[in-house]
Amino acid sequence: VKDVHYKKEQSDIYLYISYYYSIHGNYANQLKYAQQAVELAKESGDMRQMINSWKDLGAAYFEHPDNKSVAQALEFYTTAKTLFDKHIKTGETHLSDKDEFLYMEILVTLGSIYQVQNDMGAAIGALEQALQIAVKNGIIVTEAFSHKEIEILYQALGNKTKAEKHYLQTEKLIENIASKTMESNHIQYEIQLLLAELYRETGHY
């Protein structure tokens, strides 16, 4: 596809290569190919490709082990969200499942980035938006994950009543999943620990 007519396809391949290096812990190459994917996506003019590539470039910065690149991660995820809001959400009455999943993924990670930056209000806002999409589309694991992250934030803010409400909702969601995965099992494990800590703090031994 190394041809002037296939910029989008080239960008897509670079995203796959970047992902390959991310799972092998090669940060330098993950970042290198994510940056190339962004440049080719911009040349292609394909809006969804641009959104995907900005998101993955943000992921390359956010996944850096020393957490020194969080500001860049926030910038690029915000770019992806802004492009989506401006060109996809406003232009199409009914979003496809794929588009909604992409938007949800951006919001979930934005919530995590805001949490790292100690901006709890923005983190809750992003995660609640992601939660709405997960509920609408029946994506139970993401729904449970969003509840879990929101409740952690409420607990950090001292609102233990809201925290408990979300914890118990997450627990119920996870228990009702028919086919458990490693991710859902881990969320269930985390919820038990978090609930135990909450009840310790509130004296419900």
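Between MET47 and SER96, the distance separating the two model label sites (each 7 Å from Cα on the Cα→Cβ line) works out to 1.4 nm. What is the list of residues in the range 135-154 whose amide nitrogen lies under 18 Å from a point 7 angstrom out from the Cα of THR202, following Cα to Cβ? Counting only backbone N, you get 147-154. Judged by the mean number of other Cβ atoms found within 10 Å, the most tightly packed of the peptides 130-136, 106-112 leads the ranking 106-112, 130-136.
By definition, a body whose alpha carbon gyration tensor gives a ≥ b ≥ c is oblate when a/c is 1.5 or more and a/b is not larger than b/c, and the range 76-159 fits this oblate description.
Here the accessible area of the chain is 52 percent carbon and sulfur, with a 1.4 angstrom probe and all protein chains present. Taking the inverse of the mean 1/r over every pair of distinct Cα atoms in the range 1-93 gives a Kirkwood hydrodynamic radius of 13.3 Å. The distance linking the range 45-73 with the range 1-42 is 12 Å (Cα centroid to Cα centroid, whole angstrom). When the alpha carbon coordinates of the range 107-205 are projected onto the principal axes, the ranges are 35, 30, 20 Å, largest first. On a per residue basis, the range 14-147 carries 49 Å² of accessible surface, using protein heavy atoms and a 1.4 Å probe. Comparing mean-square fluctuations of ILE191, ILE51, ILE124 from a GNM of the chain with C-alpha springs under 10 Å, the top value falls on ILE191. Note on the range 55-122: the C-alpha convex hull projects to 4.7 nm² when averaged across all orientations. For the set LYS7/LYS32; LYS7/LYS42; LYS8/LYS98; LYS98/LYS136; LYS136/LYS160; LYS8/LYS42, the pairs lying more than 20 angstrom apart at their alpha carbons are LYS136/LYS160. Between TYR20 and ILE140, the contour length at 0.36 nm per residue exceeds the alpha carbon distance by 40.5 nm.
Which of ASP12, ASP56, ASP85 ends up with the largest GNM mean-square fluctuation for the chain, with Cα atoms connected below 10 Å? Taking springs between Cα atoms under 10 Å, the residue moving most is ASP85. Of all complete DSSP H helices in the chain, those with a Cα span along the helix axis of 15 Å or greater and a mean Kyte-Doolittle hydropathy of 0.0 or more are 70-83, 97-116, 120-137, 140-156.
For the range 146-186, the equivalent ellipsoid derived from the Cα gyration tensor has semi-axes of 22, 10, 5 Å, listed largest first. For the range 114-137, the residues whose backbone nitrogen is under 18 Å from a point 7 Å from the Cα of LEU157, taken along Cα to Cβ, are 114-132. Secondary-structure-derived ellipticity at 222 nm for the chain, considering helices only, amounts to -25500 deg cm²/dmol, per-run term -39500 (n - 2.57) for DSSP H runs with n ≥ 4. A viscosity of 0.692 mPa s and a temperature of 37 °C, combined with the Kirkwood radius over Cα pairs in Stokes-Einstein, give a translational diffusion coefficient for the chain of 180 µm²/s.
The values are calculated or read from the model by the stated rules, or taken from the named source; none is laboratory data. Note that the structure is a prediction, hence the values are computed from the model and not measured. Positions of Cβ are backbone-derived with ideal geometry, glycine not excepted, and every protein chain shown enters the neighbour counts. Remember, those area values only see protein heavy atoms, side chains included, never the ligands or the DNA or RNA. Shrake-Rupley method; radii C 1.70, N 1.55, O 1.52, S 1.80 Å.
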